[in-house]
Ligand SMILES: Nc1nc2c(ncn2[C@@H]2O[C@H](COP(=O)(O)OP(=O)(O)OP(=O)(O)O)[C@@H](O)[C@H]2O)c(=O)[nH]1
Ligand SMILES: [Mg+2]
């Protein structure tokens, strides 16, 4: 049998590499085959190793845990202003929300997907479409608008009766603390009768979307609650 028939053409050039070996065709073929096999093995090994290293680095950087945060409250309470301030955006020229806004805030290994739903009376019946799988409920109150505190309390009471929101931790933002005469956090808690709440973790956080005060503390409380889940 000739060398040409034993060894595929693409390997023939490797004869040179084994020229120092005994010059029988079989030895040349075996060595050529081993050489190609070894090369392929090394390439595969290096690929596997590099992919393994990439995979290792990918896994060692944990992807953030996601949480759905639902933000409700009467129109003009300041929900969109709070959302924008939390995202370091301008809060001038904010229009009443007709549908919803959503923004993701990444903090301490959590990606908080915050849903801000319009609070006008005509939109409130649609709130329930957003109740599913909420991890935290934020209820925003305009602490300076005593005239509408009763309405805010009535809407809040209805939310507490919703099965899909049962047990969902609650953060009440007592917003607009920068305005003179704004109610304190304990006055807002009393107006919402929060001290009767037994089925969930809750907190009232005085804040101002205008100055940004209190928003960080609110986020921190949510993160602590989410960590315990
Ligand atoms: N002084 C003051 N004004 C605020 C504060 N937060 C919001 N506002 C103002 O209140 C008004 C209503 O704010 P929005 O953020 O649009 O209120 P909203 O709750 O999103 O209202 P809807 O989208 O209609 O449900 C705007 O004129 C804001 O500038 C605050 O902390 N202090
Ligand atoms: Mg809005």
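The values are calculated or read from the model by the stated rules, or taken from the named source; none is laboratory data. Predicted, not measured: the structure shown is a model, and the values here were computed from it. Cβ atoms come from the backbone with ideal geometry, glycine included; neighbour counts cover every protein chain shown.
Does any residue of the range 185-193 turn out to be under 18 Å from residue 149 (Cβ atoms), within 29 Å of the chain's Cα centre (by Cα) and within 10 Å of ligand 1 (Cβ to nearest atom)? Scanning the range 185-193 turns up no residue that is under 18 Å from residue 149 (Cβ atoms), within 29 Å of the chain's Cα centre (by Cα) and within 10 Å of ligand 1 (Cβ to nearest atom).
Just the residues that are near ligand 2 (Cβ under 10 Å from one of its atoms) and not in a loop (DSSP other than H, G, I, E, B), please, taken from the range 66-80. If the condition is that a residue be near ligand 2 (Cβ under 10 Å from one of its atoms) and not in a loop (DSSP other than H, G, I, E, B), then 71, 73, 79, 80 are the ones that fit. There is no residue in the range 161-169 that is more than 24 Å from residue 211 (Cα to Cα), assigned by TED's automatic domain parsing to the domain that holds residue 104 and within 16 Å of ligand 2 (Cβ to nearest atom).
Mind checking which residues of the range 114-141 are buried (at least 16 other Cβ atoms within 10 Å of the Cβ) and out of contact with any strand residue (DSSP E or B) (no Cβ under 8 Å at 6 or more places or on another chain)? Within the range 114-141, just 124 meets the criteria.
Among residues of the range 179-195 that are in contact (Cβ under 8 Å) with a residue 24 or more places away in the chain, those with a Cβ under 7 angstrom from a residue that is part of a loop (DSSP other than H, G, I, E, B) and surrounded by 13 or more Cβ atoms within 10 Å (Cβ to Cβ), sequence gap 6+ or separate chain, pair up as 179/144; 181/144; 182/143; 182/144; 182/176; 183/143; 188/143. Only one of the numbered conditions (1) surrounded by 18 or more Cβ atoms within 10 Å (Cβ to Cβ); (2) not in a helix (DSSP H, G or I) is not met by residue 83, and that is (2). When each of 76, 93 is tested for being near ligand 1 (Cβ under 10 Å from one of its atoms), on the phi > 0 side of the Ramachandran plot and modelled with pLDDT under 95, the lone residue that passes is 93. Selection over the range 157-186 of residues that are over 12 Å from residue 204 (Cβ atoms), assigned to a helix (DSSP H, G or I) and either in contact with a strand residue (DSSP E or B) (Cβ under 9 Å, 6 or more places away or on another chain) or modelled with pLDDT under 95 (or both) gives a count of 3.
The one condition from (1) farther than 16 Å from residue 197 by Cα; (2) touching a residue at least 60 places away in the same chain (Cβ under 8 Å); (3) out of contact with any helix residue (DSSP H, G or I) (no Cβ under 6 Å at 6 or more places or on another chain) that residue 155 does not meet is (1). Residue 106 passes every criterion in (1) in a strand (DSSP E or B); (2) in contact with a strand residue (DSSP E or B) (Cβ under 7 Å, 6 or more places away or on another chain); (3) more than 13 Å from ligand 1 (Cβ to nearest atom) apart from (2).
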